[in-house]
Amino acid sequence: FWLDQTTPADFYCYYPYVEEVSDITALEFSVKEDQTALADYKASELLWGKKEGAKPSTDPVNISTRHAMSNLLIYVKPGTGYTEETLAAEGISVKVTGLKTSAKLNLATGVVTADGASADMIPYKENSYWRALVVPQDVVGNELIKVTVGDREYTLVQTVSFQSNKQHKCTVVIKRIGEGVNIDIEGWETDDTDYRETFE
């Protein structure tokens, strides 16, 4: 790996491995549009690391890698008229909409650029929430998440800047739409006056 015994070297690390890289400033990568299976979620992971100016040595070169993709966590919570059990019983499906799934990674800098057309993605269900690895990109006032409960569909429009190595959390609260009158109990209002008296 070393040119000679004195010349420092720069090392770049990326995973998954690609045998031939035609342009180190634009390594092509795509996340899976369907991440329902854990294997497909993991296959959407792209790691990158860099060690600059390493001096020739018999010791191994240590490189710390970071996540090049962004992680979207989606929580669907029960609102008025639902419990977690009754909400789950109706059947919940989640879809991430309108995100670019292709990217180009600059191996020299670690910067990821979204590329190609937008597509819908199906996230991986993990315990009580869903998660999807997404390409870093800016979403400005667009449809981001569609949640289907039974035969009803809910769309979350949001502005988010997805960034490499960051997790972003979205919580969607679903309220039951009933017939007749829906009654909700509001929280107590706090009176900041202390009605106190001192006795001797």
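The values are calculated or read from the model by the stated rules, or taken from the named source; none is laboratory data. Every value quoted in this text rests on a predicted model; they were computed, and no experiment measured them. Glycine gets a Cβ as well: all are built from the backbone with ideal geometry, and neighbour counts include every protein chain shown. The area values use the complete protein model at the heavy-atom level, side chains included, leaving out ligands, DNA and RNA. Shrake-Rupley method; radii C 1.70, N 1.55, O 1.52, S 1.80 Å.
Computed values, structure above
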quantity	calculated
Residue that is within 18 Å of residue 67 (Cα to Cα), open to solvent by less than 30 Å² (accessible area, probe 1.4 Å) and part of a strand (DSSP E or B), where the choices are 103, 119	103
Some residue of the stretch 50-69 being touching a Leu at 6+ places or on another chain (Cβ under 9 Å), open to solvent by less than 60 Å² (accessible area, probe 1.4 Å), part of a strand (DSSP E or B) and under 30 Å from residue 174 (Cα atoms)	no
Test: residue in the stretch 133-155 that is modelled with pLDDT of 90 or more, surrounded by fewer than 16 Cβ atoms within 10 Å (Cβ to Cβ), farther than 21 Å from residue 174 by Cβ and under 13 Å from the mean Cα position of the chain (by Cα)	yes
Odd one out for residue 81 among (1) part of a strand (DSSP E or B); (2) farther than 24 Å from residue 141 by Cα; (3) not hydroxyl-bearing (Ser, Thr, Tyr)	(1)
Leading residue by the ranking (farthest from residue 147 (Cα to Cα)) among those in the stretch 96-127 that are in contact with a strand residue (DSSP E or B) (Cβ under 9 Å, 6 or more places away or on another chain) and polar (S, T, N, Q)	109
Top-ranked residue in the stretch 1-17 [being open to solvent by less than 80 Å² (accessible area, probe 1.4 Å), closer than 18 Å to residue 109 by Cβ and among the aromatic types (Phe, Trp, Tyr); ranked as modelled with the lowest pLDDT]	11
Residue list for the stretch 116-132, restricted to those being of a type outside the set (D, E, K, R) and within 14 Å of the chain's Cα centre (by Cα)	121, 122, 123, 124, 129, 130, 132
Residue count for the stretch 18-49, restricted to those that are open to solvent by 80 Å² or more (accessible area, probe 1.4 Å), of a type outside the set (A, V, I, L, M) and over 18 Å from residue 135 (Cα atoms)	3
